[in-house]
Amino acid sequence: TMAHAEALLVLENFIAGKFVPCSSYIDSYNPSTGDVYCRVPDSGKEEVEAAVKAAKAAFPIWSSKSPLERSQILNKLADLIEHDLEAFAQAESKDQGKTITFARTVDIPRAVYNFRFFASSILHHTTECTEMASVGCVHYTSRAPVGVAGLISPWNLPLYLLTWKIAPAIACGNTVVAKPSEMTSVTAWMMCKLLEKAGVPHGVVNVVFGTGAKAGEALVCHPDVPLISFTGSTLTAQRITEKSAPHCKRLSLELGGKNPAIVFDDADLSQCIPTTLRSSFANQGEICLCTSRIFVQRGIYSEFLKRFVAEAKKWKVGNPSDPTVDVGALISKEHLEKVRSYVKKAQAEGARVLCGEGVDSLALPTGNQKGYFMLPTVIAEVKDESSCMQEEIFGPVTCVVAFDTEDEVIERANDVKYGLAATVWSSNVGRVHRVARRLQSGLVWTNCWLIRDLNLPFGGMKASGIGREGAKDSYEFFTEVKTITIKH
Ligand code: NAD
């Protein structure tokens, strides 16, 4: 086969500034062809131990550098990644299945920006000071990095989400041991090659590759790792919480979503429809912020549905390296089957599949016949209590249902275990504010989607997470605060 014709890419762990081979490896697939093309270290306790030791040894020097010195190094790293943007984008697309266009315009530019952003924000924090003149005291707070941070990231936005953790962690003066998803490890490995040139001292950033059960859990259970920043599924977060409880670790948990879009009858559909298509299907629907429940007010329901389905059918599915393709491959065969099973379940329950899976045929280029592709799928008449409306599907599937009143839709939108992101479409300013306040959701976008100011908190409520990340929030998470009182 083609895979055998090309030499396999073999990754190595990055510990104490050096690439080190591992004794066993995991196969990594190219989702758009179904071929094994890369081998990822299958690290365990031993590798994690070495990485934590290196991070611990690097901590005293790194943490005593000035924010400005660290900022300059982060900026240099941003420049180096940006210089190789095309190579990173190609690698991310091949490894993850996402389109080259998405990797070029979203993933890698954002990874670059994560370093630039925290390189800047770290220079601008101030601490608090209060005076108690009656007893002759001043109080002030002092913040210090915590130590070795354990960072665990998922496969959907690999370098984007990993750097969203590495950048603030090291900007604050911590050293890190990162464990990317075993399914998408390549761009993290490429980034390691740039660290020395950027001036990141050995041991400040260590990357250990491997599975969650082995490498991830060894990191979570390591007594010398006092904080864990995790992005991934709610189920894994529960396991991490249990495993870290005996150590009283500080946790930041960014988890799944079941995000509603609420479309009122005064919405500007010329904006709402294209944006809701993107919010449903961008990155194959594999973004934690993707819309998967669309509530449309009854008066415009049939018009919305007609236009939405007509536009969804125009999304081109195919080879991710083709710049005209809108939908690439899903991450794995197992994940594709899981996403498909939700569509079957909905059909069995009497819902109508209006386009996509099982309805339209998918013609794939010859080289992609064994890839994990699926058409954007729109389902209508799904019951609120059905699993398609309750569980995170994390694929190119979205459900459209009708509603009548504002109170009703808020209640239905909130009636899931998750609370990550919501979108509200209306031209009535008063309604937008009212609804936004009442939604149980860490993020509410009105008349837009995915526009982020990294200064502001990011994170979810309920089963979507604990804690927030952002300029000030990440600074607080990655530092320990102390209150000092001086009597004069
Ligand atoms: P996952 O939970 O399976 O894996 C995430 C990471 O955790 C991987 O690196 C994995 O190897 C590791 N892991 C797995 N088991 C572990 C364990 N027992 N101990 C330590 N580490 C372990 O999630 P996934 O399938 O890679 O990612 C998809 C999920 O991530 C979706 O639920 C999605 O909504 C969520 N997500 C959330 C956000 C957010 O910011 N809220 C962003 C992106 C993705």
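The values are calculated or read from the model by the stated rules, or taken from the named source; none is laboratory data. Predicted model only: the values in this text are computed from it and were never measured. Please note: Cβ atoms are built from the backbone with ideal geometry, for glycine as well, and neighbour counts cover all protein chains shown. Just so you know, the surface numbers come from the protein's heavy atoms only, side chains and all, with ligands and any DNA or RNA stripped out. Shrake-Rupley method; radii C 1.70, N 1.55, O 1.52, S 1.80 Å.
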_Note, ³J(HN,Hα) from phi for the stretch 190-199, Karplus 6.51, -1.76, 1.60, rounded to Hz, x at Gly and Pro_ = 5, 4, 4, 5, 9, 5, 5, 4, 6, x
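Of all the C-alpha pairs in the stretch 259-446, what % are more than 22 Å from each other?
Values: 7491 of 17578 pairs.
Cα-Cα pairs in the stretch 259-446 separated by more than 22 Å: 43 percent.
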*asked:* Starting from the Kirkwood Rh over alpha-carbon pairs, what translational D in µm² s⁻¹ does the chain have by Stokes-Einstein at 4 °C and 1.567 mPa s?
replied: 55
*Please give the net charge around residue 327, taking every other residue with its beta carbon less than 15 angstrom from that of residue 327, where Lys and Arg add +1 and Asp and Glu add -1.*
0
*asked:* What Kirkwood Rh does the stretch 146-271 have if only Cα atoms enter the pairwise 1/r average? Answer in Å.
replied: 15.7
_For the stretch 193-228 and the stretch 137-181, what is the centre-to-centre distance using only Cα atoms, to the nearest Å?_
11
*Residue-count net charge about residue 464 - beta-carbon cut-off 9 Å; Lys, Arg +1, Asp, Glu -1*: +2
*Virtual paramagnetic centre 7 Å along Cα→Cβ of residue 450, amide N under 18 Å, in the stretch 268-297*: 271-294
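Once R0 is set to 60 Å, what does the formula 1/(1 + (r/R0)^6) return for the Cβ-Cβ distance between residue 16 and residue 270, expressed as a FRET efficiency to the nearest 0.05? Please list the in-between numbers first.
Numbers: r = 55 Å, r/R0 = 0.92.
Here the calculated transfer efficiency is 0.60.
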*Assign unit charges at the C-beta atoms only (+1 for Lys and Arg, -1 for Asp and Glu), then state the dipole size of the chain relative to its Cα centre in Debye, rounded to the nearest 20.*
580
*Amide H within-cut-off set for residue 178, under 5 Å, with H built and near neighbours excluded*: 151, 206, 207, 208
*³J(HN,Hα) computed for each position of the stretch 170-183 - Karplus, 6.51 cos²θ - 1.76 cosθ + 1.60, integer Hz, glycine/proline x*: 7, 4, 6, x, 7, 10, 9, 10, 10, 10, x, 5, 5, 8
*Can you figure out the FRET efficiency of residue 123 with residue 311, using R₀ = 41 Å and their beta-carbon distance, to the nearest 0.05?*
0.40
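Which of 316/383; 338/370; 18/76; 53/249 have a Cα-Cα distance over 23 Å? It would help to have the intermediate numbers written out before the result.
Values: 316/383 29 Å; 338/370 17 Å; 18/76 20 Å; 53/249 18 Å.
From 316/383; 338/370; 18/76; 53/249, over 23 Å: 316/383.
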*Under the Karplus relation 6.51 cos²θ - 1.76 cosθ + 1.60, θ = phi - 60°, what is the ordered set of whole-Hz ³J(HN,Hα) values for the stretch 92-100, x standing for Gly and Pro?*
5, 5, 5, 6, 9, x, 5, 5, 4
*Mind grabbing the accessible area of residue 118 for me, 1.4 Å probe, Å², rounded to tens?*
10
_At 1.002 mPa s and 20 °C, plugging the Kirkwood radius over alpha-carbon pairs of the stretch 293-373 into Stokes-Einstein gives what diffusion coefficient in µm²/s?_
147
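Under a Cβ-Cβ cut-off of 13 Å, what is the net charge of the residues other than residue 184 that fall near it, where Lys and Arg count +1 and Asp and Glu count -1? Present the calculation step by step, with values, prior to reporting the outcome.
Values: positive: 94, 98, 179; negative: 92, 95, 107, 182, 286.
So the surrounding residues net to -2.
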*For the charge dipole of the stretch 259-446, defined by +1 on Lys and Arg C-beta atoms and -1 on Asp and Glu C-beta atoms about the Cα centroid, which residue among 285, 388, 446 has the Cα displaced farthest towards the positive pole?*
285
*Sort out for me the Cα centre separation of the stretch 242-256 from the stretch 38-107, rounded to whole Å.*
23
*Leaving out ligands, DNA and RNA but keeping every protein chain, what accessible area does residue 117 have, in Å² rounded to the nearest 10, with a 1.4 Å probe?*
20
